[in-house]
Amino acid sequence: MTQVEREAMAPALQAANLGHHYGQHHVLRDITFDVSAGEFVCIVGPSGVGKTTLLRCLSGLQPPTEGSVRVYGAPIAGPPRGLALVFQDYSRSLLPWGSVIDNVALPLRSGGMRKKQATDAARAALHEVGLGGIDPSAYPWQLSGGMQQRVAIARALAYQPSIVLMDEPFASVDAQTRADLEDLIRRLQVDLGLTVTHVTHDIDEAVYLADRIVALAGSPAGIAEVVHVGLGPVRDQVETKLLPRFAELRAYVYRLIRGARQGRVRESGT
Ligand SMILES: Nc1ncnc2c1ncn2[C@@H]1O[C@H](COP(=O)(O)OP(=O)(O)OP(=O)(O)O)[C@@H](O)[C@H]1O
Ligand SMILES: [Mg+2]
């Protein structure tokens, strides 16, 4: 089997025995899970448990102090190509002095892309996130919070990533905008065949979005359980949330996080 064939068969993202210390502070221990290509995995856990630390390690921005991260089977030693990140705080991640189109196109330009090609890719990405109709010379601060987060998502998509990592990307917007952005990201995941790993402390959001949920608990945090959601590919904000399985999963994950016995790692259909 060739290297290329091996990589094609490997999971998109893999954490193996990943642990992290900040100095003496042991935050994560023995985290092992895979994300298959095209899968939507949510990482949930209470505030301060280590979700952002885990996502930063998965992204290659921060080397874990133990274990490893592989992308398509290859160990990473920095942010790999084809992986994009979306953060919670769009107001800090967008450049206030750049127009909307510049914010999406500039990272492509600094990656060596020609101006015309970068602008075309930026326009296409803005269209993809439902901002095709806005004035691209507007500044981010002239847009609503939800629209700014769409710009941040467009900036991630403009790279044409195969893997998108998101850290609480909808935490700063109102409930209706949040629901719209959840549906946007699921549609993009299906339409573009993206592999998504999405961190949230919101259990309802995790159940609504995910194919599988990685529940973190404890201190140092480990995986309490990997839960198969099994709600099918099509989700609806009203219908899906009325399903008995949705309510069951929500209660199940809530109890896992609140009352997890540490050291258990298993796959479950609940
Ligand atoms: N750069 C850092 N240096 C030292 N300690 C850190 C650093 N970043 C995070 N920590 C500590 O690691 C622990 C986990 O933090 P982390 O931000 O990963 O949690 P989180 O689950 O993302 O929390 P939240 O839900 O509030 O975003 C916390 O105790 C935090 O204080
Ligand atoms: Mg965090």
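Please treat every number below as a calculation from the coordinates, not as lab data. Model, not experiment: these values are computed from the prediction. Note: ideal-geometry Cβ built from the backbone for every residue, glycine included; neighbour counts use all protein chains shown.
From the phi of every residue in segment 111-127, what ³J(HN,Hα) in whole Hz does the Karplus formula 6.51 cos²θ - 1.76 cosθ + 1.60 yield, where θ is phi - 60° and glycine or proline is x?
The phi angles translate into x, x, 6, 5, 4, 4, 5, 5, 5, 5, 5, 5, 4, 4, 5, 5, 4 Hz.
Could you tell me the convex hull volume per residue, in Å³, taken over the Cα atoms of the chain?
Dividing the Cα hull volume of the chain by its residues yields 139 Å³.
If you project the alpha carbons of segment 93-160 onto their three principal axes, what span does each projection cover, largest first, in Å?
So the three principal-axis extents are 30, 23, 18 Å.
Separation of segment 19-59 and segment 200-257 by C-alpha centroid, Å?
Their Cα centres are 16 Å away from one another.
For V27, list long-range residues whose amide hydrogen, built 1.01 Å from N in the peptide plane, is under 5 Å from its own amide hydrogen.
When sequence neighbours closer than 5 places are left aside, the close amide H contacts are H20, H21, Y22.
May I ask you to compute the full-extension gain from Q237 to S91, defined as 0.36 nm times their residue separation minus their alpha-carbon distance, rounded to one decimal in nm?
So the chain would gain 49.9 nm between Q237 and S91.
Taking the Cα centre of segment 93-160 as origin and charging only Cβ (+1 Lys, Arg; -1 Asp, Glu), how large is the dipole, in debye to the nearest 20?
220
Considering Cα pairs under 8 angstrom that are at least six residues apart, work out the relative contact order of segment 93-160 and quote it in whole percent.
Working: 77 pairs, mean separation 31.6, N = 68.
So the answer I get is 47 percent.
What distance in nm lies between label points placed 7 Å from Cα along the C-beta direction at H25 and R114?
Between H25 and R114, the label points sit 4.9 nm apart.
Indicate the gyration tensor shape class of segment 16-78 (rounded, prolate or oblate), computed on the Cα atoms with a ≥ b ≥ c the square roots of the eigenvalues: a/c under 1.5 is rounded; otherwise a/b larger than b/c is prolate and the rest oblate.
oblate
Suppose every K and R has +1 on its Cβ and every D and E has -1 on its Cβ; what is the size of the dipole of the chain about the Cα centre, in Debye to the nearest 20?
460
Using only alpha carbon positions, build the gyration tensor of segment 134-219, then give the equivalent ellipsoid semi-axes as the square roots of 5 times its eigenvalues, largest first, whole angstrom.
24, 16, 12
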